[in-house]
Amino acid sequence: QVQLVESGGALVRPGGSLRLSCAASGSSVNSYAMNWHRQAPGKQREWVATISSGGRLNYANSVKDRFTISRDNAKNTVYLQMNSLKPEDTAVYYCYAVQYNSWGQGTQVTVSS
């Protein structure tokens, strides 16, 4: 089993940047795919980005060229660098370990002036 803890959410102005972290314990993050998902108020949870065990990256069209998913094997942590943030990026962001069907508790990102 793997446990996931997200951090880094905050209130940020449109056009700003944030980096979210997802610290894993119980298993090495480089051995399975990791996703970021988000859920805005009143909407279904949606997929944002994936990093595979082999390092392949995939992004939702809505965040492509603005967000970057990465992994630090030494820290057993996955990151989501978010640039050029928009109000529509406001959501609770979750990391998800695909192989273990395990979710973190989420971290709130609010983009507002």
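The values are calculated or read from the model by the stated rules, or taken from the named source; none is laboratory data. Nothing here was measured: the structure is a model prediction, and the numbers come from that model. Backbone-built Cβ (ideal geometry, glycine too); neighbour counts: all protein chains shown. Please note that ligands, DNA and RNA were not included when accessible areas were found on the heavy atoms of the full protein model with its side chains. Shrake-Rupley method; radii C 1.70, N 1.55, O 1.52, S 1.80 Å.
Below is a table of values for the structure above.
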| quantity | calculated |
| --- | --- |
| Carbon plus sulfur fraction of accessible area for the chain, probe 1.4 Å, in percent | 45 percent |
| For region 2-56: relative contact order, % (alpha-carbon pairs under 8 angstrom, 6 or more apart) | 28 percent |
| Nearest-20 debye value, the chain charge dipole, Cβ charges on Lys, Arg, Asp, Glu | 120 debye |
| Long-range HN-HN contacts of Leu85 with modeled amide H, under 5 Å | Gly15, Gly16 |
| Sequence-separation-based contact order of the chain, relative, with Cα cut under 8 Å and 6+ spacing, percent | 38 percent |
| Candidates Ala33, Ala97, Ala74, ranked by Gaussian network fluctuation over the chain, Cα under 10 Å, top entry | Ala74 |
| Å² of accessible area per residue within the chain, as computed with a 1.4 Å probe and no ligands counted | 51 Å² |
| Scattering profile of region 35-78 at q = 0.30, 0.34 Å⁻¹ [log10 I(q)/I(0), Debye over alpha-carbon scatterers] | -1.10, -1.21 |
| Among Tyr32, Tyr79, Phe67 the positive-end extreme of the charge dipole of the chain (Cβ point charges) | Phe67 |
| Compactness of the chain, expressed as Rg and Dmax over alpha-carbon positions, Å | 13.1, 40 |
